[in-house]
Amino acid sequence: MIKNLLYLVLVFYISYLITVWYKIDYLNFYLKPLLVPSLIFYVVSTPRFSGKGILILSLFMSTLGDILLLFSDINELFFICGLISFLIAHVIYIHLFFTKSNKLNSYKWVYGSIALLSIYLFYFLSTMWDNLKTLKIPVTVYALVISIMLFVAIQLVASKSLRRGGYVLLGALLFVISDSLLAWSKFHQDIAHSSFWVMSTYLFAQYFIVTGWVSSMKIGENV
């Protein structure tokens with residue numbers, strides 16, 4: 001039954017992405033607020049496991065961010081509030097990942113991932129810097145936080161602290177790619193079918209983080 005819910009989520013996501021590719025905007029607008037809640041419903045339906053409440057909270061903040069960004073073209077304030085919602089979601093994910101990544105087997109992973117993420121941050125921000133204008137500080141803070149989220153996900157794999165840590169890491173990486181594509185398209189250069197690429201990487205980011213975490217936990221364990 002629970003696995004069937006995951007299949008339904010996948011079908012829902014693929015159906016939504018088809019509407020995005022073909023730019024059926026009126027459907028996109030009404031379906032988008034339901035995307036992450038479908039994952040929330042899956043998590044809620046799963047017997048209790050470690051981190052369940054924290055995971056639901058992060059997904060809720062992501063849903064709020066999705067709704068606020070729907071109106072970002074009307075007023076920049078909606079974009080900023082959406083950014084804050086996703087920022088909080090990432091902070092919650094960082095906390096969730098930290099509950100399991102409590103050891104490091106190799107400092108090469110630490111130094112290597114810090115070096116790569118630093119290069120990404122410098123290149124990403126410097127390329128768009130002049131176009132960010134009043135959003136320089138919020139976007140910089142957001143980019144830093146999501147990089148930390150990816151760093152902690154890398155440590156889950158490095159420390160072998162999570163049975164399906166690779167799924168969570170893939171989800172975190174897709175999240176960084178999704179947000180990078182969104183920012184690049186908004187502040188630097190438009191990308192063909194940008195909405196499709198942003199949403200496809202975003203949806204599968206959430207999907208892999210959730211499925212990776214849930215499948216790694218002992219079902220029935222206290223939240």
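Given the residues F98, F86, which is the only one that is closer than 21 Å to F151 by Cβ, crowded, with 16+ Cβ neighbours inside 10 Å and either modelled with pLDDT under 95 or of a type in the set (A, V, I, L, M, F, W, C) (or both)? Within the list F98, F86, the selection yields F86. A single member of L64, L57, L117, L17 is surrounded by 13 or more Cβ atoms within 10 Å (Cβ to Cβ), within 30 Å of Q189 (Cβ to Cβ), out of contact with any Leu (no Cβ under 8 Å at 6 or more places or on another chain) and not acidic (D, E), and it is L64. Looking at segment 188-199, is at least one residue among the charged types (D, E, K, R), within 18 Å of F98 (Cβ to Cβ) and not in a helix (DSSP H, G or I)? Looking through segment 188-199, none of the residues is among the charged types (D, E, K, R), within 18 Å of F98 (Cβ to Cβ) and not in a helix (DSSP H, G or I). Out of V91, V110, one residue alone is in contact (Cβ under 8 Å) with a residue 12 or more places away in the chain, within 21 Å of A143 (Cα to Cα) and more than 18 Å from the chain's Cα centre (by Cα). It is V110. Please verify whether segment 26-38 includes one or more residues that are outside any helix (DSSP H, G or I) and basic (K, R). Scanning segment 26-38, I find no residue that is outside any helix (DSSP H, G or I) and basic (K, R), so the answer is no.
Filtering segment 146-162 for residues that are more than 18 Å from V210 (Cα to Cα) and under 12 Å from the mean Cα position of the chain (by Cα) leaves a non-empty set.
Taking every residue in segment 26-55 that is farther than 19 Å from Y13 by Cα and pairing it with any residue that is modelled with pLDDT under 95 and among the small types (G, A, S), at least 6 positions away or on another chain, the pairs with Cβ-Cβ distances below 7 Å are P47/G220; R48/G220.
The values are calculated or read from the model by the stated rules, or taken from the named source; none is laboratory data. If you're wondering where the values come from, they're calculated on a predicted model, not measured in any experiment. A quick note on method: Cβ atoms are made from the backbone with ideal geometry, for glycine too, and the neighbour counts reach across all protein chains shown.
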